[in-house]
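Data block below; observations after.
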Amino acid sequence: MSENIGYLNVEYFFLRFYQFFTGVHDYSATVPDQATALLQKIGILGLVLSLLLLTLIVYFRVRTLQVEHEGLGKLEAQERAHREHAATAAKNQRWEGVVALAISPNDSDWRRAILEADSMLADLLYARGYVGDTLGEQLKGANKQQFTTLDLAWEAHKMRNALAHLGEAFPLSERDTKATIDQYRRVFEEFEYI
């Protein structure tokens with residue numbers, strides 16, 4: 001006897017599944033309805049949990065990116081502040097050395113103070129993009145509207161040239177030294193170099 005089955009009874013499989021896991025062998029019409037209701041509840045619960053987990057994943061990813069961005073911003077700000085502090089400290093140390101030489105009781109230190117301040121001015125103008133092979137050429141090419149202490153820079157540089165060319169033969173007083181160092185200081189302050 002071979003019978004051809006022309007259809008598949010899905011309810012039968014659900015019933016067997018239900019009976020296997022629950023141990024209930026009730027053949028009433030409510031059993032498949034209960035199984036279907038149970039599967040619907042499981043499906044809805046799964047959908048809700050999936051949406052909740054997806055929302056949490058998105059939230060944590062966005063929050064992680066925000067924290068990383070804030071951390072990088074703070075790190076960059078700290079590095080920038082460190083570089084600025086290091087540059088300012090180096091400039092200030094050099095300037096402090098000039099000031100220390102200028103207040104020394106020895107006139108040879110005064111001469112060194114003026115020469116070092118002039119060297120700092122050359123470095124400043126070079127860093128600012130002033131064109132010229134010498135400091136004098138850079139000062140000649142400077143614009144008074146952009147360099148308001150240009151005359152002071154010239155006066156201080158003339159004193160340096162006199163010291164460099166005449167050496168110990170040039171009579172340098174403490175008063176001249178203080179005035180020249182003050183001229184350099186005003187130039188450096190204009191450019192926020194010290």
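None of the figures in this text is laboratory data; all of them are computed from the coordinates on show. Computed from a predicted model, the values in this text were never measured in an experiment. We place every Cβ from the backbone using ideal geometry, glycine too, and count neighbours over all the protein chains shown.
List of remarks:
- Surrounding net charge for T55, when Lys and Arg each add one and Asp and Glu each subtract one, Cβ distance under 15 Å: +2
- Matching label, semi-axes √(5λ) of the Cα gyration tensor in Å computed from the structure shown, candidates (i) 94, 17, 12; (ii) 24, 20, 18; (iii) 27, 23, 17: (i)
- Just checking the listed ones, S50, S119, S104: in the Gaussian network model of the chain with Cα springs under 10 Å, the one fluctuating most is S50.
- Contour excess over end-to-end distance, with Cα ends at A100 and N9 and 0.36 nm allotted per residue: 22.5 nm
- About the centre of its Cα atoms, the chain shows a dipole size close to 120 debye [charges on the beta carbon of Lys, Arg (+1) and Asp, Glu (-1) only; nearest 20 debye].
- Per residue of the chain, the DSSP helices (runs of n ≥ 4 H) give a summed -39500 (n - 2.57) that works out to -27000 deg cm²/dmol at 222 nm.
- Rounded to 0.05, the FRET efficiency of the Q93 and K178 pair, given R0 = 22 Å and the Cβ-Cβ distance, is 0.60.
- Residue with peak Gaussian network fluctuation, the chain [Cα springs, cutoff 10 Å], from I103, I44, I57: I44
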